[in-house]
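Step one of this worksheet: look at the structure below.
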Amino acid sequence: MNARVTKLVDETDAEIDVQLPTRVERAYTAWQSVRYNWGFLAIHLAVLAAFFVGVSWPALITCLGLYWLRVLFITGFYHRYFSHRTFETSRVFQACMAVLGTTSIQKGPLWWAGHHRYHHRHSDTPEDVHSPLRGGFWWAHVGWLLAYNRNDTRWQEVKDLARFRELRVLDRVYILITFAFAGLIAVLGIWMERAFPATGVTWLQVFVWGFFVGTVLLWHTTYLINSGAHIWGSRRFSTDDTSRNNFFLALITLGEGWHNNHHRYPGSERNGFLWWEIDVTHYFLTALSWTGLIWDLRRPPAHVYEEGASSSQ
């Protein structure tokens, strides 16, 4: 590994007084892949219902609004907090961030952070489970999720987080948040049907567009960082991986597309290192810090900026 790359979490691993489960990873047969990923596949198929229920502006606004919110929950909370601890917060708001992150339907915070930290430790090596070097674009994008049993949390990567009982519980029962979130969208749809009858909106429209369509868009937007951000774009820093900076991906992922920057200094709260590198997640977290809910947002040190400037000359 490049000696210049910083550690993934500023704090040392904390000792915890609980017995962590043994992690098990096994390959699936084709039938097992369908059997154990039926929920993932069913949500994709449910998107086709949009052709039958139609669309209205309340349904579309719900879809896009919840999509962008959940992108922020993934990028700001699951990624920049739980995976890299790039800012500080209270235990109560930490739990709130964890719950909000689960609405993205990408498992619990410990699972997500554990896999992401492991990716950084082994990025684009044979140990990296979603490197495009291992199996191309589609493997990095989604194949790695379907070919193996990925219902495993990399506990050794998240000892600092696993000491919080509420996070361990949420990692087991995140599916309950999924059902609750779906129920809230249905209730929102019933209200919209009554409040805006002239638009032709129905509760089923809101449910299909807000839950199914929005979730599939969210999934594949975030998956593009594993795939596209390691294939397309420019490289400011000579990291020991294939990470790229990509302006388009940065726009649709609210700042995650500055991936080469991120791999050079993962301990930074901001991925857009320069003023013109649009990083909406950074703006969101900065605004959140003004409320006092989070603080101590970490920035890249001066020598990282100097390194980037020299490599651009």
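The values are calculated or read from the model by the stated rules, or taken from the named source; none is laboratory data. Everything numeric here is computed off the predicted structure, so don't read it as measured data. We place every Cβ from the backbone using ideal geometry, glycine too, and count neighbours over all the protein chains shown.
Odds and ends about this structure:
- Checking every residue in the range 157-165 against the condition of being surrounded by 15 or more Cβ atoms within 10 Å (Cβ to Cβ), more than 20 Å from the chain's Cα centre (by Cα) and over 20 Å from His262 (Cβ atoms) gives at least one match.
Every residue, every condition in (1) farther than 20 Å from Ile74 by Cα; (2) touching a strand residue (DSSP E or B) at 6+ places or on another chain (Cβ under 6 Å); (3) modelled with pLDDT under 95, yes or no:
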| position | (1), (2), (3) |
| --- | --- |
| Val280 | no, no, no |
| Phe284 | no, no, no |
| Trp290 | yes, no, no |
| Asp296 | no, yes, no |
| Pro300 | yes, no, no |
| Gln313 | yes, no, yes |
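- Helices (runs of 4 or more DSSP H) wholly inside the range 256-313 that include at least 3 residues being under 18 Å from Ser234 (Cα atoms) and more than 21 Å from the chain's Cα centre (by Cα): 302-311
- Qualifying positions in the range 206-235 - part of a helix (DSSP H, G or I), more than 30 Å from Leu184 (Cα to Cα) and small (Gly, Ala, Ser): Gly228, Ala229
- Answer from Ile252, Ile278, Ile225 - the residue that is of a type in the set (A, V, I, L, M), closer than 23 Å to Val142 by Cα and surrounded by fewer than 21 Cβ atoms within 10 Å (Cβ to Cβ): Ile252
- Among the residues of the range 94-109, those that are in contact (Cβ under 8 Å) with a residue 40 or more places away in the chain and either assigned to a helix (DSSP H, G or I) or under 13 Å from Asp171 (Cα atoms) (or both) comprise Gln94, Ala95, Ala98, Val99, Thr102, Thr103, Ile105, Gln106, Lys107, Gly108, Pro109.
- Test for Phe207: is it in contact with a Gly (Cβ under 7 Å, 6 or more places away or on another chain) and in contact (Cβ under 8 Å) with a residue 60 or more places away in the chain: no
- Residues located in the range 27-50, provided they are among the aromatic types (Phe, Trp, Tyr) and either at pLDDT 85 or above or farther than 20 Å from Phe179 by Cα (or both): Tyr28, Trp31, Trp38, Phe40
- Unmet requirement for Val213, which otherwise passes all of (1) surrounded by 18 or more Cβ atoms within 10 Å (Cβ to Cβ); (2) out of contact with any Cys (no Cβ under 6 Å at 6 or more places or on another chain): (2)
- Per the conditions (1) farther than 15 Å from Trp219 by Cα; (2) in a helix (DSSP H, G or I); (3) modelled with pLDDT of 95 or more; (4) of a type in the set (D, E, K, R), the sole criterion not satisfied by Arg70 is (1).
- Looking across the range 49-60, the residues that are touching a helix residue (DSSP H, G or I) at 6+ places or on another chain (Cβ under 9 Å) and either assigned to a helix (DSSP H, G or I) or without any contact (Cβ under 8 Å) to a residue 12 or more places away in the chain (or both) come down to Ala49, Ala50, Phe52, Val53, Trp57, Pro58, Ala59, Leu60.
- Considering only residues in the range 74-90 that are part of a helix (DSSP H, G or I) and either under 15 Å from His282 (Cβ atoms) or among the aliphatic types (A, V, I, L, M) (or both), the one that is farthest from the chain's Cα centre (by Cα) turns out to be Tyr81.
- Selection within the range 152-185 - touching a residue at least 24 places away in the same chain (Cβ under 8 Å) and either part of a strand (DSSP E or B) or under 19 Å from Ala42 (Cβ atoms) (or both): Tyr174, Ile177, Thr178, Phe181, Ala182, Ile185
- Selected residue (criterion: surrounded by the fewest Cβ atoms within 10 Å (Cβ to Cβ)) from residues of the range 121-155 that are over 21 Å from Pro266 (Cβ atoms) and of a type in the set (Gly, Ala, Ser): Gly136
- Looking across Arg172, Arg168, Arg154, one residue alone is among the basic types (Lys, Arg) and modelled with pLDDT of 95 or more. It is Arg168.
- Condition met for Thr102 (within 17 Å of the chain's Cα centre (by Cα), within 30 Å of Gly210 (Cα to Cα) and among the polar types (S, T, N, Q)): yes
Every residue, every condition in (1) touching a residue at least 24 places away in the same chain (Cβ under 8 Å); (2) assigned to a helix (DSSP H, G or I); (3) more than 29 Å from Ile185 (Cα to Cα), yes or no:
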site	(1), (2), (3)
Val92	no, yes, no
Trp111	yes, yes, no
Tyr118	yes, yes, yes
Phe137	yes, yes, yes
